[in-house]
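Asks: Quick one: structure below, then a few questions.
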Amino acid sequence: MTQPWSTRGLANEHAHLDKGMLVPGVAYADAPPAVRGGWTREHKAKFTKQNIYDRAEAALQSMLRYGTTYIRTHVDVDPLVGLKGIEALLDLRRDYAKQAVIDITAFNQEGFERFPETAELLEEALAMGRIGLGGHTLTDSDGEAHIRRLFEIAERNGAPWLEFHTDESGKPEHFLMPFIAEESLKRGWAGKVYAIHCNSLANVPDLQAEKAIELAASTGLHVIACPTAIATRAITRTKQLIQSGIRVSMGSDNIGDLFNPLGGGNMLQYAQLLAYVQRFYEPGEQRALLDMLTLEPADAEAARRLAELGSRVAYETDRTDVLLAHAPRPVSIETAAALNSP
Ligand SMILES: [Zn+2]
């Protein structure tokens, strides 16, 4: 008889709850990412705080059903949606505080060039609570300038962490992961910067990749892999990154929206996808995937809140092959915070 696998819960370290569950209300159509980005902007301009809350709650509940207890979500901040997403997510974080720890990152999805007013809005968002700052290295014509500007805003406003959608295209000419690592070191941000995707790392020459990984490891850069990126791009060199000692976690990325209409928030399913695509087949490799889902949060305050939550999530088996092949729902999910509530 196999033993149950019991964990503090799974971590989804990169999501977009504010844009979650847009589909099926909005019909998905396949088109280049830039076109779907345009459609998303049209819908975003019509978002209300309540509408964001309701969709984010549906996405969150889907994650909770599958044993997720720690979520890092980006939330768009720009003149189209203003601060409505941040307001909605702060409410959601409060309302679900007994079931999960949610970290919020104010995200410049659209770039400074398209909407210069975003800079001011991001500063306002950072003043609304313990909120991190997020950018995207491909949204402005000068990726390095975009990164430097985000560091400056984060420094001026005392942001607790910085995150970048990094090298999402997978193209070698967009490779900015080493630049982010260098800036982190130079500016004293080691251990507080997250690079999401890092897909170009997969397509640069091996020697260049090795040097970049070594640099990232020495600067405490955290990497978040999102396996669904395989639908349109490459996936980063996950095994090599793990072997280097870099903290590598996993994210669902978009859930039920115009970027990914299918995401269901089951982290074991994303691990399964990564297992197939990058052949995490040996027992130790399978275990490494589960480790990616159960890492201690890198942010000390999040780690403290997670300990306080006192969650316990149990599965029917501890066999990694069964967990990854079937991505089952947990047999029980409990939190001390909920049990102790009046
Ligand atoms: Zn993302």
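Asks: With unit charges on the beta carbons (Lys and Arg positive, Asp and Glu negative) and the dipole taken about the Cα centre of the stretch 163-239, which residue among Cys198, Thr228, Gly170 sits farthest to the positive side?
Replies: Thr228
Asks: With charges set only on the Cβ (+1 for Lys and Arg, -1 for Asp and Glu), what does the dipole of the chain come to about its Cα centre, in debye to the nearest 20?
Replies: Dipole of the chain, to the nearest 20 debye: 680 debye.
Asks: Further, regarding this structure: Apply the Debye scattering formula to the stretch 238-295, with a single equal point scatterer on each alpha-carbon and no solvent, then give log10 I(q)/I(0) at q = 0.19, 0.28 Å⁻¹.
Replies: -0.70, -1.19
Asks: Moving on to the next point. With 30 Å as the limit, write out which pairs from Lys98/Lys192; Lys44/Lys239; Lys98/Lys171 have Cα-Cα distances beyond it, or answer none.
Replies: As for pairs spanning more than 30 Å Cα to Cα, those are Lys44/Lys239; Lys98/Lys171.
Asks: Could you list the GluC sites (Glu not before Pro) in the stretch 16-120 that lie in coil according to DSSP, counting only those with at most 16 other Cβ atoms within 10 Å of their Cβ?
Replies: Sparse-neighbourhood loop GluC sites (Glu not before Pro): Glu113, Glu117.
Asks: I want the antiparallel fraction of DSSP beta bridges within the stretch 10-310, as a percent rounded to 5.
Replies: The antiparallel proportion sits near 5 percent.
Asks: Taking θ = phi - 60°, what integer Hz values does the Karplus form 6.51 cos²θ - 1.76 cosθ + 1.60 yield along the stretch 238-255, in sequence order, with x for Gly and Pro?
Replies: These are the phi-based 3J(HN,Hα) values: 4, 4, 4, 4, 4, 4, 6, x, 5, 6, 10, 10, 10, x, 6, 6, 5, 10 Hz.
Asks: Just to confirm a number: summing +1 for Lys and Arg and -1 for Asp and Glu over residues other than Leu90 whose beta-carbon lies under 14 angstrom from that of Leu90, what do you get?
Replies: -2
Asks: Direction-averaged shadow area of the convex hull around the Cα atoms of the stretch 185-342, nm²?
Replies: The directionally averaged projection comes out at 11.4 nm².
Asks: Here's something else I'd like to know. Only loop residues by DSSP count here, and only those with at most 12 other Cβ atoms within 10 Å; note down the chymotrypsin sites (Phe, Trp or Tyr not before Pro) in the stretch 202-295 that meet that.
Replies: For chymotrypsin sites (Phe, Trp or Tyr not before Pro) across the stretch 202-295 that sit outside H, G, I, E and B with at most 12 neighbouring Cβ atoms in 10 Å, the list reads Tyr281.
Asks: In what order do Val75, Val35 fall by count of nearby beta-carbon atoms within 10 Å, going from fewest to most?
Replies: Val35, Val75
Asks: Which one, Tyr66, Ile246, Thr137, projects farthest toward the positive side of the charge dipole computed for the stretch 10-310 from Cβ point charges (K/R +1, D/E -1)?
Replies: Sorting the options by dipole projection puts first Tyr66.
Asks: Go through the stretch 5-11 residue by residue and turn each phi into a ³J(HN,Hα) via Karplus (6.51, -1.76, 1.60, θ = phi - 60°); whole Hz please, and just put x for glycine and proline.
Replies: For the stretch 5-11, the Karplus-derived couplings read 9, 10, 9, 6, x, 9, 10 Hz, x marking Gly and Pro.
Asks: Put a dot 7 Å past each Cα toward the Cβ at Lys186 and Tyr281; how far apart are the dots in nm?
Replies: Computed distance between label sites Tyr281 and Lys186 equals 4.4 nm.
Asks: Over 20 Å intervals from 0, what percent of Cα-Cα pairs in the stretch 10-310 sits in each interval?
Replies: Once binned at 20 Å, the Cα pair distances of the stretch 10-310 give 36, 61, 2.
Asks: In sequence order, what are the phi-derived ³J(HN,Hα) couplings for the stretch 218-234 according to the Karplus relation 6.51 cos²θ - 1.76 cosθ + 1.60 with θ = phi - 60°, rounded to whole Hz, with x for glycine and proline?
Replies: Couplings: 6, 9, x, 6, 9, 10, 10, 8, 10, x, 5, 4, 4, 4, 10, 9, 9 Hz.
Asks: Still on this structure: Hey, what number do you get for the chain at 222 nm if only DSSP H runs of n ≥ 4 count, each worth -39500 (n - 2.57), divided across all residues, to the nearest 500?
Replies: Mean residue ellipticity, 222 nm, calculated: -12000 deg cm²/dmol.
Rule-based calculations on the coordinates, nothing more; no lab input. Quick caveat: nothing in here was measured; it's all calculated off a predicted structure. Here the Cβ is made from the backbone with ideal geometry for all residues, glycine too, and neighbour counts use every protein chain on show.
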